[in-house]
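Values in this text are rule-based calculations from the coordinates and carry no lab data. It should be emphasised that the depicted structure is a prediction, and the values quoted were computed from it without experimental measurement. Note: ideal-geometry Cβ built from the backbone for every residue, glycine included; neighbour counts use all protein chains shown.
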Amino acid sequence: MESIDDILAQLKSEYQEKDNPGQQKKQPSVKREDAIAPKTPPPTSRQKSFSPSSPEDALLSQIQAEFAEQDKAEELKRQEQIKEEKIRQERIKQQERQALTKEAEAWLKKLNPRSSEGLWFEEFAYSYSSKLEAAIDYLQALKETQS
């Protein structure tokens, strides 16, 4: 592929030969069609196509791998935080349940089974597996309505 400068130099030498026919040619003549026909310019740095083995591709692949690794580490960290939060919430629920169980046991000890509240509670607790479970649900419902 010839550069534009080479083509112009060849054209210049052709015209000089016509003006001075006695001089010898220093460069081969260029056909008019070749000189006029558009030539594809050599690739510039912007037009350069990247081959898989180019340093730019290697650097890009390395950067992409680093970002992927960083994203993976962040995702693992986020999942670990979610897991820890679930464990913390479960512990809080267990502590609340233990406190409510103690409160229900104390409430059941005070409850007079022949009182109107005691008779009502007997009916309420009928569908539960134990009176303690019924008392826990009853006290929990009372707390939710009072807050």
Check: Which chymotrypsin sites (Phe, Trp or Tyr not before Pro) does region 70-147 hold that lie in a coil by DSSP with at most 11 other beta carbons within 10 Å?
Finding: Y126
Next item on the list: Could you work out the local net charge near E85, counting Lys and Arg as +1, Asp and Glu as -1, over the other residues with Cβ closer than 14 Å to its Cβ?
Entry: +4
Item checked: Charge sum, other residues only, whose C-beta stays under 12 Å from A135's C-beta, Lys/Arg counted +1 and Asp/Glu -1 -> -2
